[in-house]
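In what follows, a single structure is set out as structure tokens and then discussed.
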Amino acid sequence: MNIIKGVSQLREVRRGWQLEGKVIGFVPTMGNLHQGHLNLVREAKKHADVVVVSIFVNPMQFGPDEDLDAYPRTLDNDASLLNALGVDAIFLPSIDDIYAKGLEQQTFVEVPGLSYMICGASRPGHFRGVATIVCKLFNMVQPNLAFFGEKDFQQLQVIKAMVEDLSMNLEVVGVPTTRENDGLAMSSRNQYLTDSERKLAPTLYEKMQALSAEVLGGRRDLTKLLETYKSELAGLGFKPDYLELRNAHTLLQPGHEDTKLVLLAAAFLGKTRLIDNLQISLV
Ligand code: AMP
């Protein structure tokens, strides 16, 4: 497995693959890898000849009061997990490789609409940071295929929109959420949970499944339904940030004719912000 630190080394390795006609798969991450990330890699290996995984904790997507400094960094363990899966290269850009002029002077990419709603409303600037880093990494790695988790459903839609709007020459592949046995969506941030918070955490997804069952059963008083479940979550000890049922493609409020919906949730348990989502098909 190649451990690639700089952009020029990356381009050289990539040139070799291109000459051999290899299909290049790419999995961008912030490291601290768990089975969710590894399932993206497994999916990439199914579809591509060579797989590159990047590890970069991107300051541009963290708000001023968020956990950039505390974000877990476990590079040695990440590298051995990726090596065991047969990844071809890990790309570990430095902050100077990515933001040579500093964040203030950095040209950015912003997908309008999608970036400002739901998570984007709670975390201003977050999706600008995500789109900008993913665009830069795409330009560096130049993959044919790029793999993203449905766990971050809005992020996946933002990236798909960026690729389409900027005519980028690659395919974005969404991979279903990997969960713990009790249903909690895997996340690097789950390790911030205390023991009692960890026990309560799967209830978020349980409540989302119960809400989804009510919608599938015909309930259409959605505003009331969502409010009821939000209050229930608050009563259990969560601090809900949002609980929204949206059109699964546009993430706009659903119309009566919409059949592909997504339930999106974010809630704090103590200091930890959990996010999850559940797609609901009405056909
Ligand atoms: P992160 O390191 O959190 O930025 O995540 C890197 C990639 O892994 C993103 O595409 C995430 O959506 C994806 N990912 C994170 N957690 C999961 C999960 N539980 N299941 C599937 N994909 C995930």
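Going by average Cβ density within 10 Å per residue, which order do the peptides 207-213, 155-161, 270-276, 6-12 take, highest to lowest?
Working: 207-213: 16.9, 155-161: 21.9, 270-276: 18.7, 6-12: 14.7.
Per-residue mean Cβ counts within 10 Å order the peptides as 155-161, 270-276, 207-213, 6-12.
Relative to the longest principal axis of the chain, what angle (0 to 90°, nearest 10) does the C-alpha long axis of helix 153-165 take?
Helix 153-165 sits at roughly 50 degrees to that axis.
Using R₀ = 51 Å, calculate the FRET efficiency as 1/(1 + (r/R₀)^6) where r is the Cβ-Cβ separation of Arg219 and Asp76; round to 0.05.
Efficiency at R0 = 51 Å is approximately 0.55.
Quick one: 3J(HN,Hα) in Hz for the stretch 43-50, Karplus 6.51/-1.76/1.60 with θ = phi - 60°, rounded, Gly and Pro as x.
Result, ordered by residue: 5, 4, 5, 5, 10, 10, 7, 10 Hz.
Hand me the trypsin sites (Lys or Arg not before Pro) from the stretch 89-150 located in a DSSP loop with no more than 14 other Cβ atoms within 10 Å, in residue order please.
Lys101
Rank-order 94-100, 55-61 by packing density, defined as the average count of other C-beta atoms within 10 Å over each peptide's residues, highest first. Write down the numbers at each step before the final one.
Working: 94-100: 14.3, 55-61: 19.3.
For the peptides 94-100, 55-61, the packing ranking is 55-61, 94-100.
Readers should treat all values here as calculations from the given coordinates under stated rules, not as data from a laboratory. Quick caveat, the model's predicted, so the values are computed rather than measured. We place every Cβ from the backbone using ideal geometry, glycine too, and count neighbours over all the protein chains shown.
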